[in-house]
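A.B. asks: Okay, here's the structure, questions in a sec.
Values quoted throughout were computed directly from the atomic coordinates according to the rules given, and no laboratory measurement underlies them. None of these values were measured; they are calculated from a predicted model. Positions of Cβ are backbone-derived with ideal geometry, glycine not excepted, and every protein chain shown enters the neighbour counts.
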Amino acid sequence: MSKPRVVLVGPMGAGKSTVARRLGAHWGLPVRDTDQDIEATAGKPVSEIFVDEGEEHFRALEVEAVRAALEGHDGVLALGGGAVLAEATQQALEGHTVVYLEVGLADAVKRVGLGHGRPLLLGNVRARVMKLLEERAPIYDAVATITVDTNGRTPDDVAAEVIRRV
Ligand code: S3P
């Protein structure tokens, strides 16, 4: 059974997908992203899954996508921001190198921009990001083996710290 070199968790706007690509390039390892896996299987974007089938259905697909990726991928893995909410995923992450890319409200809002393609941010982006950060920070802390501050930093800089510390 293969195991990811590192699993990236953290909120929307933490830079998980970008940092994952940098890490993959540095280590010469494949990169996988659970949102992309879900989109490939469903044949439509995450935002459409939310609209057509609802968040609960998306979360069920996500638990399965994370489980499959943790077992069948030996490169760099980025999880969707809400994946760690599922207890099954929290348990599945035990024994993995989990890097929490931490981000504050100002940087997260700047990076998600208008929130296009992110259904949970529809409406007031700033208020929604703030609520998600508050609710989820303790969970990211609990599952992480390493925490990296991404505030005010470029993906290259963040990736370099991850490389130093894993
Ligand atoms: C979500 C984050 C998104 C995506 C979905 C829900 C969340 O992934 O999985 O829109 O609950 O935080 P990113 O963190 O890659 O944007």
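A.B. asks: Counting each DSSP H run of 4 or more residues in the chain as -39500 (n - 2.57), what helix-only mean residue ellipticity at 222 nm follows after dividing by all residues, to the nearest 500 deg cm²/dmol?
C.D. replies: -17000 deg cm²/dmol
A.B. asks: Please list, in chain and number order, the residues 5+ apart from Ala78 or on another chain whose amide H is under 5 Å from its amide H, with Hs placed from the backbone.
C.D. replies: Result for Ala78 returns Leu8, Arg32, Asp33, Thr34.
A.B. asks: Any chance you could tell me what percent of the C-alpha pair distances in segment 101-141 go past 15 Å?
C.D. replies: 36 percent
A.B. asks: Take Ala25, project a point 7 Å from its Cα along the Cβ direction, then tell me which residues of segment 1-16 have their backbone nitrogen under 18 Å from it.
C.D. replies: Flagged as within label range: 15-16.
A.B. asks: Pairwise over distinct Cα atoms, reciprocal of the mean inverse distance: report the Kirkwood radius of segment 6-161 in Å, one decimal place.
C.D. replies: 15.6 Å
A.B. asks: For Lys131, which lysines qualify as cross-link partners when the Cα separation must be under 24 Å and same-chain residues fewer than eight apart are set aside?
C.D. replies: List returned: Lys16, Lys110.
A.B. asks: I would also like to ask the following. How large is the translational diffusion coefficient of segment 59-141 in µm² per second when you combine the Kirkwood radius over alpha carbon pairs with Stokes-Einstein at 4 °C and 1.567 mPa s?
C.D. replies: After rounding, the answer is 92 µm²/s.
A.B. asks: List the residues whose amide H sits under 5 Å from the amide H of Gly104, counting only those 5 or more places along or on another chain, with H placed 1.01 Å from N in the peptide plane.
C.D. replies: For Gly104, the qualifying residues are Asn151.
A.B. asks: Next up: To the nearest 20 Debye, how big is the dipole of the chain about its Cα centre, given +1 on the beta carbon of each Lys and Arg and -1 on that of each Asp and Glu?
C.D. replies: Taking the Cα centre of the chain as origin, the dipole is about 560 debye.
A.B. asks: Taking R0 as 41 Å, what's the FRET efficiency between Ala68 and Arg126 from their Cβ-Cβ distance, rounded to 0.05?
C.D. replies: 0.75
A.B. asks: Compute the orientation-averaged projected area for segment 113-166 from the convex hull of its Cα atoms and round it to one decimal in nm².
C.D. replies: 4.8 nm²
A.B. asks: Follow-up question, since we're still on this one. Sort Tyr100, Tyr140 so the one with the fewest other Cβ atoms within 10 Å of its own Cβ comes first.
C.D. replies: Tyr140, Tyr100
A.B. asks: For a footprinting-style exposure proxy, rank Lys110, Lys16 by other Cβ within 10 Å, fewest first.
C.D. replies: Arranged by neighbour count, lowest to highest, Lys110, Lys16 become Lys110, Lys16.
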